[in-house]
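The values are calculated or read from the model by the stated rules, or taken from the named source; none is laboratory data. Not measured: the values here are computed from a predicted model. Cβ atoms come from the backbone with ideal geometry, glycine included; neighbour counts cover every protein chain shown.
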Amino acid sequence: MATEDENAFHDDLGPEEDSSIISVSTWTTALDTGDTPKHSIFPIVTYHSLISLTPFAHASSVLAISPACPSTNHLHHHRTQTRNIEAFGRKVTTTASHLIGPLTDPQSGAHYQQAMSEMHKQLRRPGVQRSVFSMTRASPAEVVRSKLSTREIQHRALAYVPDELLASIPDEDDNAYSLFQGFQASFPELTEEGKKHHGSHRRRVSRGRRLIDEGKPATPDSPHALQRLRKDKAAMMHELEMLGIRKNMASSEIHEIDNKIANLAGMRRIILDRLAGLEQEETLLEHDVMDVEARIDVAQELVDEAESIAQQTPTKSEEDLALDNDKDAPGFMSQSIYEKIPSTATTPSKSKKPKNVRRKSVPILHEHFEPGTNIRDIRAHQDRITALDFDAPFGTMVTAAMDDSVRVWDLNAGRCIGILDGHTASVGALQVEDNILATGSVDATIRLWDLSKAHYDPHGSQFGTNEEEEDGMAFENPDDEPVEPPADSMSDCALFTLQAHVDEVTALHFRGDVLVSGSADKTIRHWDLEKGRCVQTLDVMWAAAQASATLATGEGSWRHTGGNRAHANDADFVGALQVFDAALACGTADGMVRLWDLRSGQVHRSLVGHTGAVTCLQFDDVHLVTGSMDRSIRIWDLRTGSIYDAYAYDHPVTSMMFDSRRIVAAAGEDVVKVYDKVEGRQWDCGAGVLAAEAGTKASVVQHVRIRDGYMVEGRQDGVVGVWTC
């Protein structure tokens with residue numbers, strides 16, 4: 001038997017492993033006789049031997065046990081080299097049962113030690129070690145791909161659940177219903193129980209079933225009736241349970257949506273603060289750009305003046321030639337010097353033209369605030385505000401009050417730029433457009449100002465001043481008390497004065513080089529701003545008399561509207577004006593709205609409807625909107641001259657303006673009346689809304705202006721509020 005095993009072993013082994021025949025034969029004989037030593041090293045060596053040798057028996061065992069195996073191609077490349085060691089492994093596997101058998105013969109210890117030493121000597125051979133190490137270079141993924149089919153790999157990938165998902169499974173205590181119950185409630189038609197209950201409860205009973213049920217005796221104590229009632233009860237209870245689940249699911253969704261809305265609101269606030277910071281940086285940078293442009297203009301004027309003087313100065317050769325010609329002619333010794341002075345016609349004027357300084361950027365921050373949001377309150381004056389206007393959102397604002405002062409404000413910084421001195425009485429009408437300001441006063445004069453010549457800039461730039469003369473007030477904390485600007489900050493802003501009226505100027509409006517003004521002297525004057533003089537005077541009383549005589553009706557005559565005005569005097573004879581090219585709209589104290597043609601100086605059309613003095617008006621290409629002391633606002637169709645719409649209020653309307661979407665009006669209350677033309681609704685905006693919530697009372701709004709949803713309102717206590725609409 002031993003001879004046959006040795007022959008078989010010779011057949012499987014190569015010539016290099018032939019030297020191990022004796023050791024293996026001896027090892028096998030010792031195992032057959034049971035002469036193996038009973039000491040503790042046998043199981044340790046045996047298990048280590050099995051772990052080391054068993055993988056060589058089959059390639060699959062090598063792939064399963066080795067921590068890192070080579071790729072399939074690499075295994076195929078080394079298959080020839082490992083053929084002999086695989087044969088040796090098969091022999092060791094066949095005798096594994098003998099290795100772990102009982103050790104009865106203590107004399108067989110020598111044979112066991114000899115067999116182990118031969119086996120370890122075999123494993124220490126460089127060729128065998130290279131074969132073993134080459135098979136440990138494959139990655140686990142390559143091992144899986146080599147042993148599993150594509151379908152099995154796909155199934156395992158889809159069935160795999162990561163630990164993160166397993167850790168995020170909600171607790172059963174937090175959910176009153178299971179996932180299956182939620183599915184059952186959401187899609188009852190997809191479940192067997194839902195189909196059964198839903199169908200039996202909702203489905204129409206067939207005609208045959210109805211006839212059978214009718215033929216049966218209707219005995220309530222019969223088993224059939226009892227079974228049917230129980231079935232109906234089970235169906236209704238099931239549906240009731242499903243409705244409860246759906247209700248709780250809807251409530252959970254609402255809570256989830258509320259949480260998302262809260263998160264989005266927080267994100268919106270963060271982005272809104274970021275937008276505010278960007279607009280602030282944009283404003284500062286734009287002021288720096290304007291400062292550099294001003295410096296460039298000054299440098300260019302100096303260069304032009306130097307070139308002009310150089311052209312008028314004679315050269316040395318010409319001067320010597322002139323001295324030679326006049327050598328014998330006595331004269332004043334400095335005559336030649338005076339001849340060198342340039343004439344007035346060639347000397348460039350140092351007076352600057354009115355510079356149109358407009359913001360290149362358009363503020364959009366106010367568009368993202370909720371309508372009715374208070375941007376800021378400014379303590380502008382200590383007395384009632386009589387007039388105000390601003391040019392653009394976060395731009396320049398001008399206010400006038402009964403304290404006979406006119407102040408210029410930077411709405412972005414909330415600071416006063418300067419005070420305009422020149423009028424000898426309070427200002428009742430003003431308009432600002434592109435840094436050009438027109439003011440009409442009780443002293444019967446109209447003054448024009450160029451606000452771009454202001455020396456004080458609250459953002460830090462100072463136009464027209466030296467770099468060394470920095471003003472630290474520009475960097476004050478905005479929460480501190482208002483800082484008064486330098487006394488001479490607006491000293492260079494005055495342009496010229498228009499004097500022709502003989503009484504208080506109550507209304508004015510300009511567009512381009514055309515300005516119209518209305519006065520308590522019952523006249524309207526048409527001014528040419530380029531020449532600075534009056535080119536036409538329109539007599540309102542004469543126009544009303546002419547219309548009455550021509551039409552032979554009372555429609556064009558002067559009408560007395562009664563004494564419901566706030567101030568019963570002639571100061572509001574001309575309440576509002578607006579001009580566009582040759583078209584002029586005028587509202588007067590008789591409640592009439594007259595449309596004039598400045599080319600002919602005649603009234604083109606009269607709009608009759610108001611029963612009180614007209615205090616404000618504004619028109620676009622289609623509609624004309626007017627406000628009156630009769631407590632109403634009327635919208636007229638300019639194409640037909642008829643009333644398009646009208647709104648009534650509780651108090652007289654003292655101020656009104658509209659933009660592309662809203663009409664805002666001051667109607668003797670502590671709020672501004674806002675009418676949204678797009679949504680067709682009216683709502684209140686102003687300090688009165690917040691005061692009502694706090695249980696206090698705010699001052700009455702006297703004047704209001706709006707541009708692109710950015711609203712400014714002036715109150716009787718001298719405070720100016722800035723709001724979004």
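Quick notes
- Considered as a group, the residues in the stretch 356-376 that are of a type in the set (D, E, K, R) and at pLDDT below 80 include one that is farthest from residue 267 (Cα to Cα), and that residue is 358.
- Within the stretch 706-718, the residues that satisfy the criterion of being surrounded by 19 or more Cβ atoms within 10 Å (Cβ to Cβ) and either hydrophobic (A, V, I, L, M, F, W, C) or in a strand (DSSP E or B) (or both) are 706, 710, 711, 712, 713, 714, 715.
- Strands (runs of 3 or more DSSP E) contained entirely in the stretch 418-517, each with at least 1 residues that are modelled with pLDDT of 95 or more, within 21 Å of residue 397 (Cβ to Cβ) and not aromatic (Phe, Trp, Tyr): 427-433, 436-441, 445-450, 505-511
- Exclusive hit being within 30 Å of residue 375 (Cβ to Cβ), of a type in the set (A, V, I, L, M, F, W, C) and modelled with pLDDT under 90, set 272, 243: 272
- The sole residue among 631, 599 that is surrounded by fewer than 24 Cβ atoms within 10 Å (Cβ to Cβ), at positive phi and of a type in the set (Lys, Arg) is 631.
- Selection within the stretch 123-161 - within 55 Å of the chain's Cα centre (by Cα), at pLDDT 75 or above and under 30 Å from residue 85 (Cα atoms): 149
- Listing of strands (runs of 3 or more DSSP E) fully contained in the stretch 574-639 that carry 1 or more residues being of a type in the set (Asp, Glu) and under 18 Å from residue 518 (Cβ atoms): 593-597
- The stretch 290-301 - residue that is touching a residue at least 24 places away in the same chain (Cβ under 8 Å) and among the aliphatic types (A, V, I, L, M) and, of those, nearest to residue 394 (Cα to Cα): 290
- If you go through the stretch 578-596 and keep only what is surrounded by 23 or more Cβ atoms within 10 Å (Cβ to Cβ) and not charged (D, E, K, R), you end up with 584, 585, 586, 587, 588, 589, 591, 592, 593, 596.
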